[in-house]
Amino acid sequence: MFTTYASEVADASTKDNKVFKFLQRGVDGFNWLNRTQEYYFRRGMFATSLADSLRKRGLDIKKIISENNIDAIPVEDIQNAVNDALDYTYALTPKAVKKRNNIHDTGNYIATEFIKLANMIPFVTTAALPFPRFIVNALRHLFEYSPFGFTTLLSEKEMARIAAGDLNQLSKAVVGSAMLLAAIEAKRKGFGGEKWYELNGTDGTTIDTRPFFPISAYLLAADQITRIESGRKPLEARELLEGTTGSTFRFGVGLRVVDDLIGVVDGTRDEKKLTEKLQSYAGDIASTFLTPIRQFNDFVD
């Protein structure tokens, strides 16, 4: 449960290279705030899930711990609790699927291959997509909690689960669809701000919903739908990617920096502007490591 990080790719320090090991220690050091908050929530979800599973078996987790009777806990319940903890923090590794029989299997296959790609060329991929594991989990989450979630009911496996009383996926699809419809109505009734991720409160305050992913993703879809209805210009691809995955993409900044660098070499661009963009790019990367501090400040406010 504590060896998988949401943004983790292949560990460069495992290579027999002093430079890689030094860089890896630096990355781990910068990420300690992110890891600390992630593991904090992970512990809570693990304990909650395990207690719930044991309660269904007629067991009390507090009594088991007080009596030091850990062997009474089924291994299956522990594994399920670990998976729930990883899923809760968007760090669950998708299961590799050889035969893609349905849309879920196909999604897992694509997600697995995407993370493999990030492992193969980590410095290249993470420069633009800093959190590959988070991204694939966020996309899976949005798929399940949306009208698309109803498509899983077409599989015999899911229908068998419903027949057995497991309404988990059906509930997710209903909740996600309700969230989307509510966001559309909010945009239609004038509660949407100037930007796609903004909501206007009844007291006139403007709320930035981006820290509250996946709520922001529903507003993104609602904003795009209302834009089409009113004939306004649709959102840019970068905004769609950021809103869908809850992650900051660095495609635009990175490509502009490369373009300006080439311009400086051939004498068609100002070196001062390149320096400014490099500083902006570095600040964008550094802000990734400071997210927990911003969340703490938001909580205090």
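Listed values, structure above:
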item	result
Condition check for A72: loosely packed, with under 15 Cβ neighbours inside 10 Å and at pLDDT below 90	yes
Hey, L220 in contact (Cβ under 8 Å) with a residue 24 or more places away in the chain and loosely packed, with under 14 Cβ neighbours inside 10 Å or not	no
Condition met for N137 (at pLDDT below 85, open to solvent by 30 Å² or more (accessible area, probe 1.4 Å), among the polar types (S, T, N, Q) and out of contact with any strand residue (DSSP E or B) (no Cβ under 8 Å at 6 or more places or on another chain))	no
Condition check for A186: outside any loop (DSSP other than H, G, I, E, B), touching a Gly at 6+ places or on another chain (Cβ under 8 Å), hydrophobic (A, V, I, L, M, F, W, C) and modelled with pLDDT of 85 or more	yes
Verdict on F41 being modelled with pLDDT under 85 and open to solvent by 60 Å² or more (accessible area, probe 1.4 Å)	no
All positions within segment 146-186 that are within 26 Å of L117 (Cβ to Cβ) and buried (at least 16 other Cβ atoms within 10 Å of the Cβ)	S146, T152
Matching residues in segment 185-218 - criterion: being over 15 Å from the mean Cα position of the chain (by Cα) and among the small types (G, A, S)	A186, G190, G192, G193, G201, G204
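The values are calculated or read from the model by the stated rules, or taken from the named source; none is laboratory data. The structure presented is a predicted model; accordingly, all values stated were derived computationally and were not measured. Glycine gets a Cβ as well: all are built from the backbone with ideal geometry, and neighbour counts include every protein chain shown. Side chains are part of the model used for accessible areas, which takes the heavy atoms of the whole protein and leaves out ligands, DNA and RNA. Shrake-Rupley method; radii C 1.70, N 1.55, O 1.52, S 1.80 Å.
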